[in-house]
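To start, the structure itself, in structure tokens.
The values are calculated or read from the model by the stated rules, or taken from the named source; none is laboratory data. Because the structure is a prediction, the values reported are computed rather than measured. A quick note on method: Cβ atoms are made from the backbone with ideal geometry, for glycine too, and the neighbour counts reach across all protein chains shown.
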Amino acid sequence: MISYKSAGVNDEKAETLVDIINQQIRKTSFYKKLYGGIGFFGGFMPVPNGYKKPFFVSSCDGVGTKILVAKEIEKYDTIGIDLVAMNCNDIAVCGAKALFFLDYLAVGKLKIEREKKIIEGIVKGCEIAHCALIGGETAQMPGLYSDDEFDLAGFCVGIVEKKEILGPSRVNEDDILLGIYSNGIHSNGFSLARKVLFGGGRIKGALLRYHESLGRSLGEELLRPTYIYSTMLSELCEKKLIHAAAHITGGGIPGNLVRILPENFDAEIDPNTWNIPKIFQLIQEKGRIKTKEMFNVFNMGIGLILACSENSVADIKAYSQKHGFRVVKIGNICKGKGKVKILKRK
């Protein structure tokens with residue numbers, strides 16, 4: 001007799017995974033915020049009090065082919081953190097506070113221990129971001145994915161008072177640009193990194209090999225989780241210390257910093273002001289990649305850029321250090337045509 005299970009969909013395992021997820025969520029600090037708990041057709045979250053003209057801000061993102069690195073060495077405990085970071089950081093640079101998060105995990109075949117590690121990372125990320133994990137979907141898709149394949153996406157919704165929305169309208173001439181260091185590659189540029197680092201095969205061996213220059217194995221370096229900047233950004237917004245912020249993801253500094261520029265201003269970035277991490281040097285040297293291309297693909301060591309006035313710099317540095325982030329002045333805003341100019345490295 002043909003059954004759903006024989007077709008590749010295991011409902012028993014799915015129920016086991018749901019129980020595991022529910023147990024993890026019930027232990028979190030945000031569970032008490034959920035109206036009706038977990039498991040209904042939709043997730044409920046009350047609208048916070050104190051807003052006069054609230055705007056909801058949403059984001060949808062994934063972690064790209066970083067998944068393939070995790071899969072190769074079977075290390076799944078950090079990509080869930082990446083997923084939360086990619087979404088919560090994107091709404092935080094708009095001035096919004098994250099309210100709730102949902103995940104979508106699609107698999108060829110359920111593997112409880114793997115899925116458990118991924119969800120644990122998502123829960124941990126939500127705790128760091130002060131964001132409620134309100135629901136999600138785990139989809140079994142035999143035939144679309146092979147047994148070992150999976151993909152991961154996240155969805156985040158936040159809230160901001162209209163008058164406190166960050167962006168180009170707040171940026172002024174002579175604003176200072178502060179760079180907040182990244183935790184390595186984060187979650188963008190992995191297709192290029194994999195092509196350069198593993199083009200000759202033997203991927204697992206290369207990932208597990210210790211690199212003296214990195215101080216860890218290549219796999220450990222590549223899977224360092226994306227920093228979650230959202231809690232720090234919320235504090236900076238509350239203190240009205242920043243005019244705009246850019247999350248440096250796909251497109252690098254040029255492709256993301258341009259989003260916060262008014263049409264009549266340029267951003268000048270001096271790449272000599274910070275130490276570019278060894279992993280980017282390794283990729284550039286091995287792949288013989290032009291510096292311009294590196295900056296167009298990778299964050300190059302800067303995961304977040306803040307535009308602020310000169311008299312806010314000291315306070316911003318203090319808040320950044322409080323949250324464990326390193327900050328450096330990397331440039332400034334000047335008259336121009338809405339372009340990002342990266343000076344030459346010495």
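Looking at the stretch 291-346, which of its residues are farther than 29 Å from V196 by Cα, within 25 Å of the chain's Cα centre (by Cα) and among the charged types (D, E, K, R)?
The answer is D315, K317, K322, K329, K339.
Name the single residue, out of those in the stretch 292-316 being aliphatic (A, V, I, L, M) and in a helix (DSSP H, G or I), that is surrounded by the fewest Cβ atoms within 10 Å (Cβ to Cβ).
Here the answer is A314.
Within the group I289, I283, I333, which residue is part of a loop (DSSP other than H, G, I, E, B) and modelled with pLDDT of 95 or more?
I289
Are any residues in the stretch 168-184 in contact with an Asp or Glu (Cβ under 9 Å, 6 or more places away or on another chain) and either farther than 18 Å from G252 by Cα or outside any strand (DSSP E or B) (or both), and if so, which ones? Don't jump to the end; show me each part of the working.
Initially, the stretch 168-184 is screened for residues in contact with an Asp or Glu (Cβ under 9 Å, 6 or more places away or on another chain), giving 168, 174-177, 184.
P168, D174, D175, I176, G184, listed by residue number.
Among the residues of the stretch 200-223, is any buried (at least 18 other Cβ atoms within 10 Å of the Cβ) and among the hydroxyl-bearing types (S, T, Y)?
There is no residue in the stretch 200-223 that is buried (at least 18 other Cβ atoms within 10 Å of the Cβ) and among the hydroxyl-bearing types (S, T, Y).
Taking the stretch 25-47 on its own, how many of its residues are modelled with pLDDT under 85, of a type outside the set (V, I, T) and not in a loop (DSSP other than H, G, I, E, B)?
Residues meeting the conditions: 5.
Regarding the stretch 130-153, can at least one residue be identified that is among the polar types (S, T, N, Q), farther than 24 Å from K33 by Cα and touching a residue at least 60 places away in the same chain (Cβ under 8 Å)? Walk me through it before giving the result.
Step one: list which residues in the stretch 130-153 are among the polar types (S, T, N, Q), which gives 138, 140, 146.
Applying the additional criterion that residues be farther than 24 Å from K33 by Cα yields 140, 146.
Those still in the list that are touching a residue at least 60 places away in the same chain (Cβ under 8 Å) too: 140.
Yes, that holds for at least one residue.
Tell me the residue from I176, I180 that is within 18 Å of I305 (Cβ to Cβ), buried (at least 17 other Cβ atoms within 10 Å of the Cβ), under 22 Å from the mean Cα position of the chain (by Cα) and at pLDDT 95 or above, please.
Details: I176 fails: under 22 Å from the mean Cα position of the chain (by Cα).
It is I180.
Among the candidates G64, G8, G50, which residue alone is over 25 Å from the mean Cα position of the chain (by Cα), of a type outside the set (A, V, I, L, M, F, W, C) and either part of a helix (DSSP H, G or I) or within 25 Å of I128 (Cα to Cα) (or both)?
G50
Filter the stretch 153-168 for residues that are in contact with a strand residue (DSSP E or B) (Cβ under 9 Å, 6 or more places away or on another chain) and surrounded by fewer than 24 Cβ atoms within 10 Å (Cβ to Cβ) and give the result.
Listed by number, the residues that qualify are A153, F155, V157, I159, V160, E161, K162, I165, G167, P168.
Take K109 and tell me if it is assigned to a loop (DSSP other than H, G, I, E, B), outside the structural domain of N183 (by TED's automatic domain parsing) and buried (at least 17 other Cβ atoms within 10 Å of the Cβ).
Spelling it out, K109 is indeed assigned to a loop (DSSP other than H, G, I, E, B), outside the structural domain of N183 (by TED's automatic domain parsing) and buried (at least 17 other Cβ atoms within 10 Å of the Cβ).
Out of the residues in the stretch 203-228 meeting the condition of being in a loop (DSSP other than H, G, I, E, B), of a type outside the set (A, V, I, L, M, F, W, C) and under 29 Å from S320 (Cβ atoms), tell me which one is modelled with the lowest pLDDT.
S213
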